[in-house]
Amino acid sequence: MNSSNMAKYIFGKILKLASLLAAISILSFLLVSLSPIDPVQSYIGADMTRVSPEQRENIEAYWGLDESPVQQYLSWGNAVLQGDLGTSLLYRSSVADVIGERFTASLALMALAWIISGIIGFVLGITAGMKEGSFVDKLIKGYCFTLASTPAFWLGLLMLMFFSVWLGWFPIGLGSPAGILEADVSLAERLRHLFLPALTLSVVGVANVALHTRQKLIEVLESEYVRFAMAKGERGFTLLWRHGLRNISLPAVSLHFASFGELFGGAVLAEQVFSYPGLGQAVVQAGLGSDVPLLLGIVLFTTLFVFTGNLLADLFYKVIDPRIRRGM
Amino acid sequence: MEGKITHNRRRRLHLNIRQRTAAAILFSSVILAGLIISGLLIDADAIGIDLESKNRAPSPDHLFGTDWLGRDMLMRTLKGLTLSLSVGVLAALSSAIIALTLSLLSSWNKTMDNIVTWMIDLFLSVPHIVTLILISFAAGGGFKGVVIGLALTHWPSLARLLRAEVLQLKGAEYVGVSERLGKSKIWIARHHFLPHLIPHLVVGFILLFPHAILHEAAITFLGFGLSAETPAIGIILSESMRYLSTGHWWLAFFPGFSLLLMVIIFDVLGRNIQKLIDPFHGQRI
């Protein structure tokens, strides 16, 4: 890849991201302003009766609710461009801080689950693909199809019942033990709380990678060069190592990077089941509690997150696969 | 005993792939039909409150047990599955229509195709569940918001598939001939594209169900939409969370398992219909 091509590529991606974020922000702002839920009422809550009409008007004027939606969007968009996402109504602190703090917790969960499910899925896919049509293959395939139909939160509930209630090995919820200061929580304690949600997420995430890898490996094994290698007497693991692995690992890694959206979706449910204080829980609370600034902030942030995943998937192909690298 | 097994096996081998596919389709359709009918037949009495028999573990009287208000969990589950199914029908139908319209539009010209591709990318760029939450909020919460959200967000993957198919068809010789003969674009879409898209559309329609049903359960589980009395699987499961620590495992196990079974049956149905009517793409996997 020479430098002018690279510059073109980077520029194109930035342009794509900018247009995507602009479109998403307009659409989500439009959706939010369509909502019949009164922002002032949801802000004040039960004390609404004690607010006089004048005070109400003052609040509306302070938030700019008396302006047209276009005007509101422009001032919000302007603030966002300067890095100010507004103030969360539920958490009473800046949206950027809430997202930053929550996302760190979610990231630990998602990264762990992502890595585990990737490895297990890849190994299962290879095992099934190498023994296509055998009992093991059917077992793995059946397992993956079942998993793809399993509601993630139900699996989480079962894990909770089995490991926490019945066996008593893990705590029933919360990201850290109650009654202890955040700073005093030990790493072991954190991991103990992270384990079950991460396990749930990894089990659910396996199916896609496994089925994809299996399919790719079967294709590779049907190719001419593998037939030639087999004619030379290569079998089993050596054959896989020399001729299969490189060809199937790239699509698998790429696919796994492109699944960030589903990963986040799973995290939302897992965090709800295990009351893990991550970004997924925050988006549910923002939606239920009509916290518009936080909701919009999270929508933009998750768009960025998914985009990053897709970009990494794309880059993986471009940088590593020599066929595509030369084609550029 | 042994003779019986080999006899069975021999009989199974007599069915060819086509017959086995047809049998699978018939079997899953019957189960789904039974589910709908039984769900519709249940009246309010059957899921009513019965404080005499609360917190019962599964027994012949109450196969799925009862909850803390003495409501029969089997009846509630069936009712919930019927609800999931009807929401699924709506979501799958509207998504199939949107996907078909967009894919036909994309055959119009390059600009139109770019717009459609851009829209697909746009919808796939936000996590699905976040989109659902956003739409549910926009509709002011309630069941309506959930249904609108589910109906409007399931089309991108199907639209992408159909668009690729249309793109391939556009290069076909007979389409070129029709164009030279001065047939209008609408005529070509109706007579050349649509017949080819129908099998994909039917299969896509059925395979959308599992997604829609799982998303419905997920979003109601998170607390969006339905009120607490409505027997939806998501609500039943989120209620059961409060009783997990007291060991009422049946409250969560059976409803979720029934949902899983229903989703699998739909998956089997979709895949087998695909095998039957779309042999080019269906025979693999």
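Classify chain A: rounded, prolate or oblate, from the alpha-carbon gyration tensor (a ≥ b ≥ c, eigenvalue square roots; a/c under 1.5 rounded; otherwise prolate if a/b is larger than b/c)?
oblate
Pairs A:K318/B:K275; A:K232/A:K318; A:K318/B:K110: which exceed 29 Å Cα-Cα?
A:K318/B:K275; A:K232/A:K318
Read phi for every residue in segment B:182-188 and hand back ³J(HN,Hα) as whole Hz from Karplus 6.51 cos²θ - 1.76 cosθ + 1.60, θ = phi - 60°, with x for Gly and Pro.
Result, rounded to whole Hz: x, 6, 6, 5, 5, 4, 5.
Name the lysines eligible as straight-distance cross-link partners of A:K16: C-alpha to C-alpha under 16 Å, and not fewer than 8 places from it in the same chain.
Within the straight-line limit of under 16 Å, A:K16 reaches these lysines: A:K8.
Collect residues whose amide H, placed 1.01 Å from N in the peptide plane, falls under 5 Å from the amide H of A:T87; neighbours closer than 5 in sequence don't count.
A:V95
List every DSSP H helix in chain A whose Cα atoms extend 24 Å or more along the helix's own long axis and whose mean Kyte-Doolittle hydropathy is at least 1.0.
In chain A, the long hydrophobic H runs are A:3-34, A:95-130, A:292-320.
Applying the Karplus parametrisation 6.51 cos²θ - 1.76 cosθ + 1.60 with θ = phi - 60° to the phi angles of segment B:93-107, what ³J(HN,Hα) value in whole Hz is obtained for each residue in order, glycine and proline being reported as x?
5, 5, 5, 5, 5, 4, 4, 5, 4, 5, 5, 5, 4, 5, 7
Read phi for every residue in segment B:110-127 and hand back ³J(HN,Hα) as whole Hz from Karplus 6.51 cos²θ - 1.76 cosθ + 1.60, θ = phi - 60°, with x for Gly and Pro.
Here the 3J(HN,Hα) series is 5, 4, 4, 4, 5, 4, 4, 4, 5, 5, 4, 4, 4, 6, 7, 8, 10, x Hz.
Mean-square fluctuation check for chain A, GNM, Cα pairs under 10 Å: which of A:L139, A:L109, A:L124 is largest?
A:L139
Between A:G205, A:G266, A:G83, find the one with the highest GNM mean-square fluctuation for chain A; connect C-alpha pairs within less than 10 Å.
A:G83
Taking neighbour Cβ counts within 10 Å as the exposure measure, how do A:R214, A:R192, A:R246 sort from fewest upward?
Ranked by crowding around the Cβ, least crowded first: A:R246, A:R192, A:R214.
Among A:L15, A:L240, A:L269, which one shows the biggest mean-square fluctuation in a GNM of chain A, springs joining Cα atoms closer than 10 Å?
The residue with the greatest mean-square fluctuation here is A:L15.
Using modelled amide H (1.01 Å from N, peptide plane; none on Pro or chain starts), what sits under 5 Å from the amide H of B:G65, excluding residues fewer than 5 places away?
Here B:S59, B:M73, B:L74 satisfy the definition.
For B:H200, A:H243, which order do you get if you count the other beta carbons within 10 Å of each Cβ and list the fewest first?
If I rank by nearby Cβ atoms, fewest first, I get A:H243, B:H200.
Bear in mind these aren't lab numbers, they're just calculated from the coordinates by the rules spelled out. Note that the structure is predicted; figures quoted are calculated from it, not measured. Counting neighbours? That spans all protein chains shown, and the Cβs are built from the backbone with ideal geometry, glycine included.
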